[in-house]
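**Q** I'd like to ask you about the structure that follows.
The values are calculated or read from the model by the stated rules, or taken from the named source; none is laboratory data. All of these numbers come straight from a predicted model, not from anything done at the bench. Here the Cβ positions follow ideal geometry from the backbone for every residue, glycine too, while neighbour counts run over all protein chains shown. Just so you know, the surface numbers come from the protein's heavy atoms only, side chains and all, with ligands and any DNA or RNA stripped out. Shrake-Rupley method; radii C 1.70, N 1.55, O 1.52, S 1.80 Å.
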Amino acid sequence: MVGSMIAGTAESESESATFLVGNLGESADQAARFLKSIAHKDRLKILCYILERERSVAEIEGNVGASQSAISQHLARLKDEGIVAARRNGRQIFYSISDPVVLEVIKVLYVRFCDAGGSMPNSSDDLCR
């Protein structure tokens, strides 16, 4: 697309720039909504904890350090936003990150803010606090 913009006429460049700005506004809105949905320390801790594999609600509650009701609210919001998926197995519910883009963003955040030894979190001791 950049190559076609450079080779185009002044009129087509102007039209392309207008198109890109229009998309930029929509993309910025989507990015802002996404960032707002993960912008809570407990939601980030949940996402770090389920980064490598799905976890049961009990595991998440035991390792995030928030109340059961708070964890449930955070998981519900993350599920409603399409960030996590839930799977029921009998009486247990397991959560995992459902969007590969979210997975990459959480990996980057984990490496930038939490990673001390190059490994992903396995327990509450490994979670960002």
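**Q** For residue 95, work out the one condition from (1) modelled with pLDDT of 95 or more; (2) open to solvent by less than 60 Å² (accessible area, probe 1.4 Å); (3) in a helix (DSSP H, G or I); (4) not hydrophobic (A, V, I, L, M, F, W, C) it doesn't fulfil.
**A** (3)
**Q** Just to be sure I understand, how many residues within segment 63-89 are more than 15 Å from residue 35 (Cα to Cα), of a type in the set (Gly, Ala, Ser) and open to solvent by less than 60 Å² (accessible area, probe 1.4 Å)? Let's see the steps before the verdict.
**A** Looking only at segment 63-89, we keep the residues that are more than 15 Å from residue 35 (Cα to Cα), and these are 63-73, 75-76, 85-89.
Right, trim to of a type in the set (Gly, Ala, Ser) and you get 65-67, 69-70, 72, 76, 85-86.
Cutting the leftovers down to open to solvent by less than 60 Å² (accessible area, probe 1.4 Å) gives us 66, 70, 72, 76, 85-86.
Total meeting the criteria: 6.
**Q** For the subset of segment 30-57 comprising residues that are open to solvent by 70 Å² or more (accessible area, probe 1.4 Å) and farther than 14 Å from residue 81 by Cα, which member is modelled with the lowest pLDDT?
**A** Of the residues in segment 30-57, the ones open to solvent by 70 Å² or more (accessible area, probe 1.4 Å) are 30, 33, 35-36, 39, 41, 52-53.
Next, only the ones that are farther than 14 Å from residue 81 by Cα stay: 41, 52-53.
Details: 41: 94, 52: 90, 53: 94.
Residue satisfying both the conditions and the ranking: 52.
**Q** Right, here's the next one. Is there any pair with a first residue in segment 50-76 that is among the small types (Gly, Ala, Ser) and a second that is assigned to a helix (DSSP H, G or I) whose Cβ atoms are under 6 Å apart and which are 6 or more apart or on different chains, and what are they?
**A** 66/42
**Q** Something else now. Name the single residue, out of those in segment 58-92 being in a loop (DSSP other than H, G, I, E, B) and over 29 Å from residue 30 (Cβ atoms), that is nearest to the chain's Cα centre (by Cα).
**A** Only one residue fits best here, namely 65.
**Q** Among residues belonging to segment 98-109 that are among the charged types (D, E, K, R) and either open to solvent by 60 Å² or more (accessible area, probe 1.4 Å) or part of a strand (DSSP E or B) (or both), point out the one that is modelled with the highest pLDDT.
**A** So the first thing to find is which residues in segment 98-109 are among the charged types (D, E, K, R), and the list is 99, 104, 107.
Filter once more, keeping what is either open to solvent by 60 Å² or more (accessible area, probe 1.4 Å) or part of a strand (DSSP E or B) (or both): 104, 107.
On the way: 104: 94, 107: 91.
Step by step, filter segment 98-109, then rank; the result is 104.
**Q** Further, regarding this structure: Looking at segment 110-125, which of the residues that are closer than 19 Å to residue 60 by Cα and assigned to a helix (DSSP H, G or I) is modelled with the lowest pLDDT? Reasoning before the result, please.
**A** To start, the set of residues in segment 110-125 that are closer than 19 Å to residue 60 by Cα comprises 110, 114, 119-125.
Within this subset, residues satisfying the condition of being assigned to a helix (DSSP H, G or I) are 110, 124-125.
On the way: 110: 88, 124: 42, 125: 45.
Here the answer is 124.
**Q** While we're looking at this one, here's another question. Taking only pairs six or more apart or across chains, which ones have beta-carbon atoms under 8 Å, a first residue in segment 37-49 that is more than 13 Å from residue 71 (Cβ to Cβ), and a second residue that is assigned to a loop (DSSP other than H, G, I, E, B) and open to solvent by less than 20 Å² (accessible area, probe 1.4 Å)?
**A** 37/83; 38/83; 48/121; 48/127
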